[in-house]
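All remarks here apply to the structure that follows.
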Amino acid sequence: MTVCIAAFAKHDTTIAITADSKVAFGDFSTDQGALKYKLLGNRYLALIAGNDVVFAPPTVNRIQTELFKANTRDADETAGIVHEQLCETRSRIIETKVLKRYKLTVEQFVAKGKQSFTEQAYYDICNRIEQQNLSLQFLVAGFDDMAKPHLQTLAGDSGGDDSGGDDSGGDDSGGDRRNVPRQADSVKDRFHFASS
């Protein structure tokens, strides 16, 4: 089990984060085995949890590239990019484990799978695709252009609304509790890391 915690602090001007660093492989485990957060860019980072953390580094690399291209600090746009890349990771798993033998991508299977296979074969492939879950969740924490903090949980699994929604700092009644947002010089100015 992974523990990742993020909370607004100092009257919503910072985000305090902590995560365990335990890694377990069968009978072996270590308490100092993993760094469970990655900087994403544009004043956002992700705390990482799940059983498929081996897929986190390539997913984070794609997220960093897309955030750099988008040059956004908007919490919803950032969450959209993170979710899109988590879904892309799941698609790559599906293509490798299920569709590779048919030389198809997910998009190709969706577009022409029903016409290319018998009904039974098509539904068998669909069932195998549905079994390919990605156990990888990101708790995304960061600050928008107005230095307002945001926390969102995101996953790339198959069902439902994968976004845990935005939990923003500040007063949601229309006014912000902070009079003048302080501009951060670096990530370390805005995030307080606690060791476990």
Report summary line: Here, Lys10 and Thr96, labelled 7 Å along Cα→Cβ, have an inter-label distance in nm of 4.0
Report task. Can you tell me the FRET efficiency between Asp145 and Thr105 if r is taken as the Cβ-Cβ distance and R0 is 45 Å, rounded to the nearest 0.05? Result -> 0.80
Report summary line: The alpha-carbon center of segment 72-97 and that of segment 106-125 are separated, in whole Å, by 24
Query raised in the report: What ranking of Ser116, Ser21 comes out by heavy-atom accessible area, probe 1.4 Å, highest first?
Result: Ser116, Ser21
Query raised in the report: Let a ≥ b ≥ c be the square roots of the eigenvalues of the Cα gyration tensor of segment 67-134; is it rounded (a/c under 1.5), or, if not, prolate (a/b larger than b/c) or oblate?
Result: prolate
**Report entry** Arg128 accessible area, 1.4 Å probe, all protein chains in place, Å² to nearest 10
**Finding:** 70
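Provide Glu77, Glu107 ordered by accessible surface of protein heavy atoms (probe 1.4 Å), highest first.
Glu107, Glu77
For the full complex of protein chains and a 1.4 angstrom probe, list Thr2, Thr89, Thr153 by accessible area with the highest value first.
So, going from the largest accessible area down, we get Thr153, Thr2, Thr89.
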Query raised in the report: With every protein chain left in place, what is the accessible area of Asp157 in Å² (1.4 Å probe, nearest 10)?
Result: 60
Query raised in the report: Amide H neighbours of Thr14 under 5 Å, counting only residues 5+ apart in sequence or on other chains, H built in-plane at 1.01 Å?
Result: Ala9
Requested in this report: Taking the dipole about the Cα centre of segment 53-160, with the C-beta of Lys and Arg at +1 and of Asp and Glu at -1, give me whichever of Gln120, Val140, Thr153 is farthest to the positive side.
Outcome: Gln120
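Quick one: length gained pulling Lys112 to Asn71 fully straight, 0.36 nm per residue minus the C-alpha distance?
Details: separation 41, 0.36 × 41 = 14.76 nm, distance 3.57 nm.
So the extension gain works out to 11.2 nm.
The values are calculated or read from the model by the stated rules, or taken from the named source; none is laboratory data. Bear in mind that the values here come from a model prediction, so they are computed numbers and not experimental data. Here the Cβ is made from the backbone with ideal geometry for all residues, glycine too, and neighbour counts use every protein chain on show. Side chains are part of the model used for accessible areas, which takes the heavy atoms of the whole protein and leaves out ligands, DNA and RNA. Shrake-Rupley method; radii C 1.70, N 1.55, O 1.52, S 1.80 Å.
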